[in-house]
Amino acid sequence: MQENPVKRKLSTGDYSLGTFVFEFNSTGIARIAAAAGAEFIVFDMEHTGWSVESIRMLMATTPDGTVPIVRVPVTEYHFIARIFDMGAMGVMVPMVETAEQAELIVRSSKYPPAGRRGAAFGVAHDDYQGGDIVEKMNSANSQQQLIAQIETAAGVENADAIAAVPGIDVLWIGHFDLSNSLGIPAQFDHPQFQSAVSRVLEAAHKHGKIGGFMAEGVDNATALIKQGFQMIAFGGDLWIYQKALAGGLSAVREQAQ
């Protein structure tokens, strides 16, 4: 596996900015995001209905230097291992609630002895090239990024145990689902929500892990970085496009009057 520049950057204490892709499964979307400065792109399978073939195309057209990550729909080996075989450099798993679930993510992602990922070489994940097999396995195990989404009350309760699992790199707050689970839908300023976020971030830092969050704007992203989150996704393709288009059309209508 190629070196993961986002993982390297985060290891220095710096932050990394990326984005989500939910809607535009085109051969150009990853290149557009990369040209805009996105250091990583999370391609979503949880809410889009995209097939593995769609994800394969999106990763194949992601330019070198930009880290492709896939959010799988569920914690299952056949999603996680296949995503890595197709060239993902990271996987995001939703609704992680226990250390045992986190351990399954690690086992499904890493080659032995750290895990039980099935072996296929000279395929997409190693650029169809030959080489030393042990070196390839060690490289993949060290460069891949495993992201556990904490987005339920149970996940918050077990955040410390999840963060303690070797191989888990990032605890990522799923803010809408977390607020729903806490019984305060979309009330992100609510003390209960803020307390839960702080608890997850503290667990991550305690175990040397990274905190991740999807920001909804510049001010939100800046505040999250100052709070201690290092891996920030700046919105998603459909919302960014819609907001920019709505703003432009509104401005034209106002000026044309």
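Listed values, structure above:
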read-out: Pair list, Cβ < 9 Å and 6+ apart or interchain, from region 118-144 residues that are touching a residue at least 60 places away in the same chain (Cβ under 8 Å) to residues that are of a type in the set (S, T, Y) and not in a loop (DSSP other than H, G, I, E, B); value: D126/S139; A140/S109; Q144/S109
read-out: Residue within region 3-11 that is modelled with pLDDT under 95 and either assigned to a helix (DSSP H, G or I) or open to solvent by 30 Å² or more (accessible area, probe 1.4 Å) (or both) present; value: yes
read-out: Neighbours by Cβ (under 7 Å, 6+ apart or cross-chain): first from region 1-25, in contact (Cβ under 8 Å) with a residue 40 or more places away in the chain and of a type in the set (S, T, N, Q); second part of a strand (DSSP E or B) and open to solvent by 50 Å² or more (accessible area, probe 1.4 Å); value: T19/F234
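The values are calculated or read from the model by the stated rules, or taken from the named source; none is laboratory data. All figures in this text were calculated on a predicted structure; none of them were measured in a lab. Neighbour counts run over all protein chains shown; Cβ positions are idealised from the backbone, glycine included. Note: accessible area is taken over every heavy atom of the protein model, side chains too, but ligands, DNA and RNA are not part of it. Shrake-Rupley method; radii C 1.70, N 1.55, O 1.52, S 1.80 Å.
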